[in-house]
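The values are calculated or read from the model by the stated rules, or taken from the named source; none is laboratory data. Not measured: the values here are computed from a predicted model. Here the Cβ positions follow ideal geometry from the backbone for every residue, glycine too, while neighbour counts run over all protein chains shown. Each accessible area value is taken on the protein alone, full model and side chains, heavy atoms only, with ligands, DNA and RNA left out. Shrake-Rupley method; radii C 1.70, N 1.55, O 1.52, S 1.80 Å.
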Amino acid sequence: MDNNATTMLHPFLIKKMSKYYLNHYANPSASHSAGRLANKGLEDSRKIIAQKLHCCAAEVIFTSGATESNNLILRGFMLAHPDKNHIITSDIEHASIYETCKDIHNKNRCNVTYVPVDRNGIIDLKKLEAAITPKTAIISVMLANNEIGTIQPIQRIVRIARRYGVPVHTDATQYVGKWKVNVKELGVDALSASSHKFHGPNGVGFVYIHDGLNIAKCLTGGLSKEQRMRSSTPDVPSIVGMAQAIKFNLDSSRYERNYLRVKKMRDYLEESIKKYFPTAKINGHAKFRMINTLSVSFPNVKSSKKLMLLLDRKKIIVNTGSACSAHKKSRILEHIGLPDNYINGTLRISLSEYNTMRECQHVIRVLREIFAA
Ligand code: PLP
């Protein structure tokens, strides 16, 4: 139940990927027949992802994951626009945006505005608009938060940004691939995603870059790859696995079923926690929240890590927050104004289609045992 950290590979992908490891393993840039076969796997995968996102294949750039996608967008955009020196983001971004903004600020003397969020984790749109200046290069706000699951009003952000001609990037890592996203409807200029969050292989991801958005390359080397935006030989087996995972997840017949099943399990956990632990707080927006995510804070618990390990002993794997900030107090929980005596007792339960209702019942039973002891 730590699926916002990473997910299990869909087992059927091993066979699909092994075809590319063992047979079509040639370098896809080579013009011999073996290279062309690998390249076909690469380009077919690009088309599948583009179709699912409702964009053109040329707008999909493969990367090593969302951290690289986020770095490419922020650093690449700032490099390509030396006349601008301001980035707007939110207080609750993932470290791959937050730390990148800090680094760009330190090295390039670029100003960064971190827009605050309310107690549900929703960004303050008035403050976001007030922060825009003629020097603002880009606005980057995540689609769904990895710790509390809150979903941001990206379309409204895009509408504001358009009035000032500022492009919008969204880190959609926790959402894209698992759930349907139409980049045209969302209106964003760029979007990041990572395969291991949606039952694809690790170490591969992509970034959607709207045709015409000028991004300078950050990895130098061979010229002709990924719309000249990223050098390095692409990991074709993983890219094929990622595209097949998206296709499988968003397939209409199972999509609806899975969506409802995961939501039902999460709602069961939430309702049971409210019933048996009335002083606990559920974090994130009640409505605009990912349907697999439950961040719950129990008051006056000395250490959430200890609580996590007690659950672990009963074979329940949850997290205290983001895997990337496992040893620090959660910046996200501080920014939504959660008091310290609640922050210390926070668990993040993040489900996937591979969880079962029986497992959820086991969680509630074990939590009751732990708190009764
Ligand atoms: N953005 C968000 C919202 C995330 O949750 C994560 C991973 O936890 C990342 C970016 C980074 O993804 P990756 O580890 O694939 O680089």
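Numbers for the structure displayed
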read-out	value
Dimensionless Rg over Rh [segment 177-317; C-alpha; Kirkwood]	1.07
Local electrostatic count at Leu351 - Lys and Arg +1, Asp and Glu -1, tallied over other residues with Cβ under 12 Å	+1
Rg/Rg_globular for the chain, with Rg_globular taken as 2.2 N^0.38 Å and Rg from C-alpha atoms	1.01
Cα radius of gyration and Dmax for segment 246-373 (Å)	15.0, 46
Cα-centred dipole magnitude for the chain, charges only on beta-carbon of K, R (+1) and D, E (-1), debye, nearest 20	580
Accessible-area order (highest first, 1.4 angstrom probe) of the listed residues Lys178, Lys52	Lys52, Lys178
Accessible surface of the chain, 1.4 Å probe, proportion on carbon and sulfur as whole %	52
Residue-level accessible surface for Tyr354, protein heavy atoms, 1.4 Å, Å²	90
GNM flexibility winner over the chain from Leu219, Leu347, Leu294 (Cα, springs under 10 Å)	Leu219
For segment 69-117: accessible area per residue (Å², 1.4 Å)	39
Filter on Lys47/Lys197; Lys107/Lys180; Lys52/Lys274; Lys52/Lys135; Lys180/Lys302; Lys178/Lys302 - keep pairs with C-alpha separation over 31 Å	Lys107/Lys180; Lys52/Lys274; Lys52/Lys135; Lys180/Lys302; Lys178/Lys302
222 nm mean residue ellipticity, helices alone, for the chain (DSSP H n ≥ 4; -39,500 (n - 2.57); rounded to 500)	-13000 deg cm²/dmol
Charge-dipole axis of the chain as Lys and Arg at +1 and Asp and Glu at -1 on Cβ define it, positive-most pick from Gly149, Ser192, Gly41	Gly149
Solvent-accessible area of Met265 with every protein chain in place, 1.4 Å probe, in Å² to the nearest 10	0
Area accessible to solvent at Ser33, 1.4 Å probe radius, in Å²	80
Dipole magnitude (debye, nearest 20) for segment 78-136, charges at Cβ of Lys, Arg, Asp, Glu	200
